[in-house]
Amino acid sequence: MATIVMDDLHKVYAGGVKAVTGISLDIADGEMIVLVGPSGCGKSTLLRMVAGLETISDGTLKIGDRMVNNLEPAERDIAMVFQNYALYPHMTVFDNLAYGLRNRKFPKDEINRRVHEAAEMLEIAAYLDRKPRNLSGGQRQRVAMGRALVREPAAFLFDEPLSNLDAKLRVQMRVEIRQLQKRLKTTSLYVTHDQLEALTMADRLVVLNGGKIEQVGTPMDVFNKPASVFVAGFIGSPAMNMLDVAYLRDTGAAQGLSGLPQGTDLIGVRPDDLLLNAPEAPHLSLTGDVVLLEPAGSESHIYVSLAGSSQPVTMRVQGLPNVLEGARINLSVPLSALHPFASATGLRVG
Amino acid sequence: MVENDRWGSLFAHLVLILGVALVIFPVYVAVIASTHPPGTFVRGVMPLLPGPNALENYRTVIFEGRSRAGTPPIGGMLWNSFVMAMAITVGKLSISILSAFAIVYFRFPFRMFFFWVIFLTLMLPVEVRIVPTFQVVADLGMLNSFAGLSIPLIASATATFLFRQFFMTVPEELMEAARVDGAGPMKFFKDILMPLSITNIAALFVIMFIYGWNQYLWPLLITTDPEYYTIVMGIQRMVTGGDSEPLWHLVMATVVLAALPPILVILFMQRLFVKGLTETEK
């Protein structure tokens, strides 16, 4: 149980590459923070700096009340789950879980109690005598979790723990990790490149890009009010459509745009907000040609090339819509669903 | 590959059998020769069937030796060879695994420089540096001692290099997980790296033991006291020692006995080797 406070953290590698530049973040006790971003955005580096596996070039890091900049990973009271699990291949599951406790000179019965407790919780009690290579991917993942659990640390650090699992197992483990974290109320820092994982698991999510924080907020905040073009494009799938304001004016939608904040020259529209039937509410109207219809079970994606600009947009509708590929269709966007951005800064306006 | 081709597989077997026969035949001759009485070889014909003198020949070489020709009983020489080979093997393995550990897992100045220096010595076999090495060993007063027999042969670039290559295939996350689990460098080495290297250690043990056992030139140079003779140089002394005709039956008995320990090491280590192969996983 602890807070984690990052104050202006920097990481500069020996070659001069800046992986993390000036990140400040306060993580509350028991909070689940998800760091999300494309590869190379510095999210893993940041996590490893918190873990103590990377040195901190500048800034201060506190876990609980202690400044931990110069402490070894083992002294920081954290536990980490690695992407490839990093289980000790020559040890049984029991020994894998017990290793950290043994190194800390815990009494034998305490080790036994904790390992069995964690094994029960993760439903791996039946496999305690097995070696990791005799386990399936999901079971290995649980053992890796167990190794973190038995320590009862101040914070859990997850480094893309689900990316080696197949899609179905990933969803299942995602739910289990989140339930477990809610039950234990342990402060957690979770790194992923999967925006869906980020949205579903986070209390607050942190979108990183180029070593900087783009936005911090609850998943719904970030989804509903992306702070920048980057966040808008990264969070949500299919990605948000970006429309040129100049183009919209040309199509005669000028009166609808008058309410937008000063300086807006890009408009973001979620695929869900593009409608085939015009709503009652004030809206913009567009026309375009259907390029491709992509049924995806309960929903469908329609790829449309807008008339007069051939700009591609994606829309998502429920069920299978009655449109033909190649046909011209009318689209509407409620004015309330427009996300105004300034292209010069890449930031949200207003 | 060729499949279900009867002639192909027949041919392959023929080639293999021929190869095996070529290797086995001299060994067979040695074993047969060691069972014959002294007179058999005077005619210059090697017998191909076992003779009646096996027990007596082996008893002679083990317990009596050829004291008149200056060759002690070979029991002592076998022991010397064993001690030397073990010292070389254990020394080589421990030093090379530690230096590989240092080179792979620690960031220190001139790390790569040291690696390449070690690597360069690969190109310098014992024979090249034998004169200066002899001088050093003599000055240190290590002639006629086990230390003199083994220490100069302990440094091994080959083993260091092989361990380094193996360590580099061990995922870095294992080391990081161990750090998070509170294991220091030496604890990580002992608890995780060593158990994972068992296969490599076993393989290198076999190679190094045979290398040490087969040392000929070096023991020949630095031992003058029969108490430190090794078996391989003992064979040579048996053949050339004395003015009489070499006693081939005794020489061959010695050869057979000299070949036994390496074979035993291979048989024994092979089990470990296979076990290591099937049970470890990175």
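The values are calculated or read from the model by the stated rules, or taken from the named source; none is laboratory data. Predicted model, so just to flag it, every value in this text is computed and none were measured. Every residue, glycine as well, gets a Cβ built from its backbone with ideal geometry; the counts of neighbours run over all protein chains shown. Protein only, heavy atoms only, side chains kept; ligands, DNA and RNA dropped before computing areas. Shrake-Rupley method; radii C 1.70, N 1.55, O 1.52, S 1.80 Å.
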Item to check | Whole-Å distance, taken between Cα centres, linking the range A:256-276 and the range A:323-348 | outcome: 6 Å
Item to check | Positive minus negative residues near A:Ser285 (Lys, Arg vs Asp, Glu; Cβ under 14 Å) | outcome: -1
Checklist entry - FRET efficiency for B:Trp116 and A:Arg130, Cβ-Cβ distance as r, R0 = 30 Å, nearest 0.05? => result 0.10
Checklist outcome for this item: Taking the protein assembly as shown and counting helices only, DSSP H stretches of n ≥ 4 at -39,500 (n - 2.57) each over all residues, the nearest-500 ellipticity at 222 nm comes to -14000 deg cm²/dmol
Checklist entry - Given 0.36 nm per residue, what is the gain on full extension from A:Glu75 to A:Glu117 after removing their alpha carbon distance, in nm? => result 12.8 nm
Checklist entry - So which trypsin sites (Lys or Arg not before Pro) in the range A:94-124 end up in coil per DSSP with only 10 or fewer other C-beta atoms within 10 Å? => result A:Lys105
Item to check | Contact surface A-B: accessible area buried, both sides summed, square angstrom, 1.4 angstrom probe | outcome: 2000 Å²
Checklist entry - What ranking, highest mean first, results for peptides B:198-206, A:213-221 when packing means the other Cβ atoms within 10 Å averaged over each residue? => result B:198-206, A:213-221
Item to check | Dimensions (Å) - the protein assembly as shown, Cα atoms, principal axes, largest first | outcome: 122, 68, 49
Checklist entry - Structure shown: which of B:Lys92/B:Lys190; A:Lys108/A:Lys182; A:Lys131/A:Lys185; A:Lys108/A:Lys168; A:Lys62/A:Lys108; A:Lys105/A:Lys131 lie over 27 Å apart, alpha-carbon to alpha-carbon? => result A:Lys108/A:Lys182; A:Lys131/A:Lys185; A:Lys108/A:Lys168; A:Lys62/A:Lys108
Checklist entry - Averaged over A:146-153, how many beta carbons belonging to a partner chain fall within 10 Å of each residue's beta carbon? => result 1
Next on the checklist: If I take R0 = 25 Å and measure r between the Cβ atoms of A:Leu292 and A:Asp244 in this structure, what FRET efficiency does the formula 1/(1 + (r/R0)^6) give, to the nearest 0.05?
Outcome noted: 0.70
Next on the checklist: I need the calculated FRET efficiency for the pair B:Phe268 and A:Asp26, taking r as the beta carbon distance and R₀ as 60 Å, to the nearest 0.05.
Outcome noted: 0.45
Checklist entry - Can you tell me the Rg and the Dmax, both Å, for the Cα atoms in the range A:191-305? => result 16.0, 44
Checklist entry - Which whole number gives the average, over all residues in A:86-97, of C-beta atoms from other chains lying within 10 Å of the residue C-beta? => result 4
Checklist entry - Ranked highest first by average number of other Cβ atoms within 10 Å, how do B:108-117, A:2-11 line up? => result A:2-11, B:108-117
